[in-house]
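In what follows, a single structure is set out as structure tokens and then discussed.
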Amino acid sequence: MFDLEKLVRDNVRKLTPYKSARDEFSGKTGIFLDANENPYGNLNRYPDPYQRELKTAISKIKEIDQERIFLGNGSDEIIDLCFRIFCNPGRDKVLTFTPTYGMYEVSAAVNDIETIKIPLNKNFQIDLEKTRPLLSDNNLKLIFICSPNNPTANTMNYDDVEYIITNFNGIVVIDEAYIDFSEKPSFLKLINRCANLILMHTFSKAFGLAAARVGMAFSSPGIIKFFNKVKPPYNISTINQRAALNKLNNMEGIKNQVLRIRREREKLSEVLKKISVVEMVYPSDANFLLVKVKNADYIYNTLINSNIITRNRSNVVDDCLRITIGKRSENDRLIEAFYKLDHSKSGS
């Protein structure tokens, strides 16, 4: 039986959170002599610590109650908060499905939490047979699932993920950073009935705000309260809140950009499949392709010499490059470089 209070670390449960001046007064007008701010300037006031205006806009678009929304300084802050709220250093564990986003393991190590890794199967899906026995481990507090997954680009099987959520008494975190590029459904509808689920979205990918560092978490009001209790008081700047709001006010433009990226993804995938140095282009629900090539190190370095930078993921998936979908002109440059590679190989 899931028990949130029992799951939260004792020191976090007993913690008296810091109260900032903007916690005590949230109005927008007045003579502000409460927060030791400089009275001069355009950015002289501390930001809203709870990002109320931005959450109101997110609530309408995502169709989720504001009390179920937390905003972090990128998803990386949300990941770190999960460890600090739910995991006792040196004792508790986290489960990940590899290969996957590396920050789960890094954040676990920073917080002195053991990482259990279960390899994805040959289709890059969760191996439920290997996962089931671990769900009853009392020291396993967190499970991270990236869907669509990075670097494999595929969405996880819905029934497998739902099984894990409903049969685990700890916290399941689903990272949907790339969900806007997928035609498969989000797990967002599970938030209202799964008290142990945290879902992460981001402004970095489809919204094009990687520099702004604004991550979103959706969960039960109880879990959101603990996030707000532990986070720094002003974790998202006023500038970045405004940038996110501006993007939300142009959803039609965002949708058009996503559509263009999807079309370019399919075009690039089909072209790469016809090139002899390419052995496999994996199906993608994200804004990138995982491409298996002949001699990834050589091809990666050859592309670098043409000033085309991809990500060499051979250390996690044999002879694979991860290629982000760029603008049409950038993708055409990449295709041209691959054709040159093809000709040089055939001529050797």
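The Stokes-Einstein estimate for the stretch 137-227, based on a Kirkwood radius over Cα pairs and taken at 37 °C with 0.692 mPa s viscosity, is a diffusion coefficient of 238 µm²/s.
Taking Rh as the Kirkwood radius, which is the inverse of the mean 1/r over Cα pairs, what is the Rg/Rh value for the stretch 252-347?
Values: Rg = 13.2 Å, Rh = 13.6 Å.
Dividing the radius of gyration by the Kirkwood radius yields 0.97.
Phi-derived couplings, Karplus 6.51 cos²θ - 1.76 cosθ + 1.60 at θ = phi - 60°, listed residue by residue for the stretch 34-48: 10, 10, 6, 8, 6, x, 10, x, 8, 10, 7, 9, 5, x, 4 Hz, with x used for Gly and Pro. Modelled this way, with points 7 Å down the Cα-to-C-beta line, the labels at E279 and I61 are 4.1 nm from one another.
Checking the cross-link pairs K19/K93; K117/K225; K28/K62; K6/K55; K122/K294 against a 22 Å limit on the alpha carbon distance flags K19/K93; K117/K225; K28/K62; K6/K55 as lying beyond it.
Specify whether the C-alpha gyration tensor of the stretch 1-64 places it in the rounded, prolate or oblate class, a ≥ b ≥ c being the square roots of the eigenvalues: rounded for a/c under 1.5, otherwise prolate if a/b is larger than b/c and oblate if not.
Values: a/c = 3.69, a/b = 1.54, b/c = 2.39.
Here the stretch 1-64 falls in the oblate category.
All other residues with a Cβ under 15 Å from the Cβ of Y158 taken together, and with Lys, Arg as +1 and Asp, Glu as -1, what is their net charge? Walk me through the numbers before you get to the answer.
Values: positive: K184, K189, R193; negative: D159, D160, E162, E176, E183, D285.
My count for the surroundings of Y158 gives -3.
Counting only Cβ charges, +1 for Lys and Arg and -1 for Asp and Glu, the dipole size of the chain around its Cα centre is about 540 debye. Only one residue of V172, T100, P148 has its Cα farthest out toward the positive end of the dipole of the stretch 4-249, where Lys and Arg carry +1 and Asp and Glu -1 on Cβ, and that residue is V172. The HN-Hα couplings worked out from phi for the stretch 137-154 by the Karplus form 6.51 cos²θ - 1.76 cosθ + 1.60 (θ = phi - 60°) are 5, 5, 8, 7, 9, 10, 10, 9, 10, 9, 8, x, 7, 10, x, 7, 6, 9 Hz, whole numbers, x standing for Gly and Pro. For A286, no residue has an amide H sitting under 5 Å from its own, ignoring neighbours fewer than 5 places away on the same chain, with H placed 1.01 Å from N. Karplus-based coupling profile of the stretch 20-25, in residue order and whole Hz: 8, 4, 7, 6, 7, 9, with θ = phi - 60° in 6.51 cos²θ - 1.76 cosθ + 1.60 and x standing for Gly or Pro.
Provide the net charge surrounding N11, with neighbours chosen by a C-beta distance below 15 Å and charges set as Lys +1, Arg +1, Asp -1, Glu -1. Charge balance near N11 sits at +4.
Between S276, S219, S182, the GNM of the chain built on Cα springs shorter than 10 angstrom shows S276 fluctuating the most.
Take the alpha carbon gyration tensor of the stretch 184-260, find the square roots of its eigenvalues, order them as a ≥ b ≥ c, and report rounded if a/c is under 1.5; if not, report prolate when a/b exceeds b/c, else oblate. In terms of gyration-tensor shape, oblate.
Any read-out appearing in this document is the output of simple, stated calculations on the displayed coordinates, not a laboratory observation. The shown structure was predicted, so the numbers you read here are calculated from the model rather than taken from an experiment. Using ideal geometry, Cβ is built from the backbone for each residue, glycine included, and neighbour counts are taken over all protein chains shown.
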